[in-house]
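Enquirer: What follows is a single structure, and I will ask about it in a moment.
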Amino acid sequence: MSNFLVILGLLAQLVLSVVALLWILAFLGFTDETKRSVSANFLGKSLVTLCVLVALFPIGLVLWVGWRYYFSSLPWQGIPLGLFLPLVATLVCSLLCAGLIYLFKILGYRH
């Protein structure tokens, strides 16, 4: 695989991760249940923090995969899924954040 395609793929995955992070932050900002849960109890604050950390994880993973591919002397075969690992992580983290946001809604109706 040429280096140009690898760089292009990593940049596309980085953009996708940032867009997913911004979407999740915007959704959290417009959710009334989130605001009530955060002001109400420690669990709400913990869930918001967890959701933001989960949304940040794919960005760090893209940067790590890029570093490992270009600058590390460690073997590339040790990375599962290779260059598709950040894409899979972005999808999984987005689904996990959607589940956490749904949990906010459930907790919001109980308060």
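Enquirer: Return yes when residue 87 is closer than 30 Å to residue 6 by Cα and either at pLDDT 85 or above or of a type in the set (A, V, I, L, M) (or both) and no when it is not. Full working, then the answer.
Expert: Details: closer than 30 Å to residue 6 by Cα: yes; either at pLDDT 85 or above or of a type in the set (A, V, I, L, M) (or both): yes.
When the stated conditions are applied, residue 87 passes them.
Enquirer: Give the residues of the stretch 57-87 that are closer than 20 Å to residue 13 by Cα, loosely packed, with under 14 Cβ neighbours inside 10 Å and of a type in the set (A, V, I, L, M, F, W, C), sorted by residue number.
Expert: 67, 71, 76, 81, 84, listed by residue number.
Enquirer: May I ask you to list pairs of residues, at least six apart or on different chains, whose Cβ atoms are under 7 Å apart, with the first in the stretch 8-37 being modelled with pLDDT under 80 and the second being basic (Lys, Arg) and in a helix (DSSP H, G or I)?
Expert: The qualifying pairs are 33/105.
Enquirer: List every residue pair whose Cβ atoms sit under 9 Å apart, with the two residues 6 or more apart in sequence or on different chains, where the first one lies in the stretch 67-83 and is within 20 Å of residue 2 (Cβ to Cβ) and the second, anywhere, is of a type in the set (Lys, Arg) and surrounded by fewer than 12 Cβ atoms within 10 Å (Cβ to Cβ).
Expert: none
Enquirer: I've got another one for you. Kindly check whether there is at least one residue in the stretch 102-111 that is of a type in the set (Ser, Thr, Tyr), in contact (Cβ under 8 Å) with a residue 12 or more places away in the chain and under 17 Å from residue 22 (Cβ atoms).
Expert: Pass one, the stretch 102-111, residues of a type in the set (Ser, Thr, Tyr): 102, 109.
Okay, now just the ones that are also in contact (Cβ under 8 Å) with a residue 12 or more places away in the chain, so 109.
From the residues that got through so far, the ones that are under 17 Å from residue 22 (Cβ atoms) too are none.
No.
Enquirer: In addition: Please go through the stretch 88-100 and pick out each residue that is in contact (Cβ under 8 Å) with a residue 24 or more places away in the chain and within 17 Å of residue 10 (Cα to Cα).
Expert: Our first condition is that a residue be in contact (Cβ under 8 Å) with a residue 24 or more places away in the chain; within the stretch 88-100, this holds for 89-90, 93-94, 96-97, 100.
Listed by number, the residues that qualify are 89, 90.
The values are calculated or read from the model by the stated rules, or taken from the named source; none is laboratory data. Since this is a predicted model, take the numbers as computed values, not measurements. Heads up, the Cβs are rebuilt from the backbone with ideal geometry, glycines too, and the neighbour counts pull from every protein chain shown.
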